[in-house]
Amino acid sequence: MTSPLEAETMTAIAIEGGKGPASALKPVRAPMPQPAEGQILIRVRAAGVNRPDLIQRMGMYPPPPGAPDTLGLEVAGEVAKAGGRWKVGDRVCALLGGGGYAEYAVCDARHALPIPAGLDFQTAAGLPETVFTVYANVFEHGALKAGETLLVHGATSGIGVTAIQMGKAAGAKVIATARGAEKAKTALALGADVAVDATSEDFAEVAKREGGVDVVLDMVGGDYFAKDLDALRTGGRIVFIASQGGGEVPLQIFRLMQKRAVVTGSTLRPRSADEKARLAGEVERGVWPWIAAGKVRPQVDATFPLEEAAKAHAHLEAGAHVGKVILLAG
């Protein structure tokens, strides 16, 4: 493999025709990215595959201004061109605006974090997008505290696995929902206190039997919302990070008033560079010690060579994964 100082092009994954199905993802030769002031160049060893990548591939989630058109929001690898606190050869994982499906990627030096001791590149590549998302939504917007109860939907997704572990590490009780008995059983193995098969049980009724919940992390939307509100304790918070079950929800205003509930949500990618840097600092201070202690560890479901990104997307779309899908770039 040529060094970034010698090479003018690299292998990256492009979307044939600009958008399309998983099969539209093709390896191409692309110009080597060059870091701007305040950025670092990373020799990518592994890249996480996330649901926003699928949505971008279908033409519905354009990158923010200035971000590469190439997919990929998180990577792990070695610093190839230094910047900020980093020197050449440092092992880092990083949050990107795009460009991770490639042999090299650039990022704001403040958005990279040291790979925790004991983690390999493919495991570390599953950290940034997922951990940043869970921290911002569960602990900042949702204000989860020790002794409270967290309800996590999509328990075996990359976000769900991480939310269960981070909730438990913070001293919360965790109720998790999954579609199917086997996935519910897996949620228990991941650390959830209570797991609900949402295909055969009413998760709101189960949650109420457990005393209700304080925070809901919802990536489903649609008809889950009314049940979220029903499961909520007085003063509880519902945080949306996606709407896979429908982008519009029925809202009974009086019920919301009775519960004194807060309904909020956020996205990560469009946040400013300064805001992401602030969040990176909070994650390193608050979550990295949990990883060092073994309380939080990404679950890698499957790995694929970078050139087989199409197969990785098809695997994620099939929905049978538990944890992260990772591309290996060398």
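Give the residue from Phe240, Ala198, Ala181 lying farthest towards the positive end of the charge dipole for the stretch 131-265; charges sit on Cβ (+1 for Lys and Arg, -1 for Asp and Glu) and the dipole is referred to the Cα centre.
Of Phe240, Ala198, Ala181, it is Phe240.
Taking the Cα centre of the stretch 168-252 as origin and charging only Cβ (+1 Lys, Arg; -1 Asp, Glu), how large is the dipole, in debye to the nearest 20?
300 debye
Rounded to the nearest 500, what is the chain's calculated 222 nm mean residue ellipticity when only DSSP H runs of at least 4 contribute -39500 (n - 2.57) each, over all residues?
Taken over the chain, the calculation gives -7500 deg cm²/dmol.
In whole Å, what three semi-axes, largest first, describe the equivalent ellipsoid of the stretch 188-330 built from its Cα gyration tensor (square root of 5 times each eigenvalue)?
Taking √(5λ) for each Cα gyration eigenvalue gives 31, 20, 18 Å.
Do any of Lys87/Lys276; Lys173/Lys259; Lys183/Lys324; Lys168/Lys276; Lys26/Lys324 go past 18 Å between their Cα atoms, and which?
Check vs 18 Å cut-off fails for Lys87/Lys276; Lys173/Lys259; Lys168/Lys276; Lys26/Lys324.
For the chain, what is the Kirkwood estimate of the hydrodynamic radius, computed as the reciprocal of the mean inverse distance between distinct Cα atoms, to one decimal in Å?
After inverting the mean inverse Cα-Cα distance, the result is 20.1 Å.
Where nothing but the Cβ of Lys and Arg (+1) and of Asp and Glu (-1) is charged, how large is the charge dipole of the stretch 199-242 around its Cα centre, in debye to the nearest 20?
About 180 debye.
Give me the number: length gained by fully extending Asp202 to Glu317, i.e. 0.36 nm times residue separation minus the C-alpha to C-alpha distance, one decimal in nm.
So the chain would gain 38.9 nm between Asp202 and Glu317.
With +1 assigned to the C-beta of every Lys and Arg and -1 to the C-beta of every Asp and Glu, and no other charges, what is the dipole magnitude of the chain about the Cα centre in debye, to the nearest 20?
Using Cβ point charges on Lys, Arg, Asp and Glu, the chain gives about 560 debye.
Using only the C-alpha atoms of the stretch 131-265, find the volume of their convex hull and express it per residue in Å³.
Here the figure is 89 Å³ per residue.
Using just the alpha carbons, could you tell me how many Å³ per residue the convex hull of the stretch 1-126 encloses?
103 Å³
Taking the number of other C-beta atoms within 10 Å as the exposure measure, put Met10, Met166 in order starting with the fewest.
Fewest-to-most Cβ neighbours within 10 Å comes out as Met10, Met166.
Using per-residue counts of other Cβ atoms within 10 Å, averaged over each peptide, order 205-215, 130-140 from highest down.
130-140, 205-215
Can you tell me, using C-alpha contacts under 8 Å and at least 6 residues apart, the relative contact order of the chain as a whole percent?
18 percent
Okay, which of the stretch 203-236 sit inside 12 Å, backbone N to the point 7 Å along the Cα-Cβ direction of Arg255?
204-205, 223-232
Determine the gain in length on full extension of the stretch Asp69-Ala189; use 0.36 nm per residue of separation and subtract their C-alpha separation, reporting nm with one decimal.
That works out to 39.4 nm of additional length.
Report, to the nearest 10°, how far helix 273-286 tilts away from the longest principal axis of the Cα atoms in the chain, using its own Cα long axis and a range of 0 to 90°.
70 degrees
Regarding the stretch 265-320, what are the three Cα extents along the principal axes, ordered largest first, in Å?
Projected onto the principal axes, the Cα atoms of the stretch 265-320 cover 35, 31, 24 Å.
Which order results if Lys87, Lys185, Lys311 are arranged by neighbouring Cβ count within 10 Å, fewest first?
By the 10 Å Cβ count, ascending, the order reads Lys87, Lys185, Lys311.
Values in this text are rule-based calculations from the coordinates and carry no lab data. Just so we're clear, the structure is a prediction, and the values are computed from it rather than from any experiment. Here the Cβ is made from the backbone with ideal geometry for all residues, glycine too, and neighbour counts use every protein chain on show.
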